Amino acid sequence: MQIRESAEDYLETILILKGENGNVRSIDIAHHLGFSRPSVSIAMKNLRENGYINVSDDALITLTPQGLAVAERIYERHQILTDCLLRLGVSPENARADACRIEHDLSEDSFAKIKAYYLEVLAAKTSGE
């Protein structure tokens with residue numbers, strides 16, 4: 001199933017907030033992304049209806065296995081692309097912003113090649129130290 005960039009950003013945010021706080025509510029997502037609560041509520045409804053998240057009776061948001069897979073894929077892309085850009089000398093602010101844009105549009109094949117190269121460079125650096 002094709003998922004929109006905004007949905008990927010929401011799922012990634014839920015993953016990050018879960019790691020930071022343990023629990024995630026819509027208000028946490030709104031604060032983290034700088035979005036209005038109504039916008040986040042609509043997005044959470046859509047994600048729930050499409051099987052990406054569950055919302056408990058006490059409004060806690062959790063990722064379903066399908067949502068977790070998407071969130072982890074996007075988060076990995078973000079982490080690797082950010083680090084690659086930082087290693088190339090891009091400022092931290094630009095590296096994070098550019099990685100966020102690139103992570104959604106890069107093909108699986110291109111990302112796999114970038115990741116393999118990145119891991120190779122890291123391994124060479126580690127063994128050379």
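When Val121, Val90, Val55 are screened for being β-branched (Val, Ile, Thr) and closer than 14 Å to Ile14 by Cα, only Val55 passes. Among the residues here, Ile61 does not qualify as closer than 15 Å to Ile114 by Cβ, of a type in the set (A, V, I, L, M, F, W, C) and in contact (Cβ under 8 Å) with a residue 24 or more places away in the chain.
Residues of the stretch 2-51 that are in contact with a strand residue (DSSP E or B) (Cβ under 8 Å, 6 or more places away or on another chain) and basic (Lys, Arg): Lys18, Arg25, Arg48. If you check Ala71 against the conditions, is it small (Gly, Ala, Ser), at positive phi and surrounded by 12 or more Cβ atoms within 10 Å (Cβ to Cβ)? So Ala71 fails the test.
Taking the criterion of being surrounded by 17 or more Cβ atoms within 10 Å (Cβ to Cβ) and in contact with a helix residue (DSSP H, G or I) (Cβ under 8 Å, 6 or more places away or on another chain), the residues of the stretch 22-31 that qualify are Val24, Ser26, Asp28, Ile29, Ala30. If the condition is being under 20 Å from Glu8 (Cα atoms) and in a helix (DSSP H, G or I), then the stretch 101-113 contributes Arg101, Ile102, Glu103, His104, Asp105, Glu108, Asp109, Ser110, Phe111, Ala112. Tallying residues that are β-branched (Val, Ile, Thr) and open to solvent by less than 50 Å² (accessible area, probe 1.4 Å) within the stretch 42-68 yields 3. Looking across the stretch 1-21, the residues that are open to solvent by less than 60 Å² (accessible area, probe 1.4 Å) and touching a residue at least 24 places away in the same chain (Cβ under 8 Å) come down to Ile3, Ala7, Glu8, Asp9, Tyr10, Leu11, Glu12, Ile14, Leu15, Ile16.
The values are calculated or read from the model by the stated rules, or taken from the named source; none is laboratory data. Since we're looking at a predicted model, the values are computed, not measured. Please note: Cβ atoms are built from the backbone with ideal geometry, for glycine as well, and neighbour counts cover all protein chains shown. Areas reflect the complete protein model, heavy atoms only, side chains present, ligands, DNA and RNA absent. Shrake-Rupley method; radii C 1.70, N 1.55, O 1.52, S 1.80 Å.
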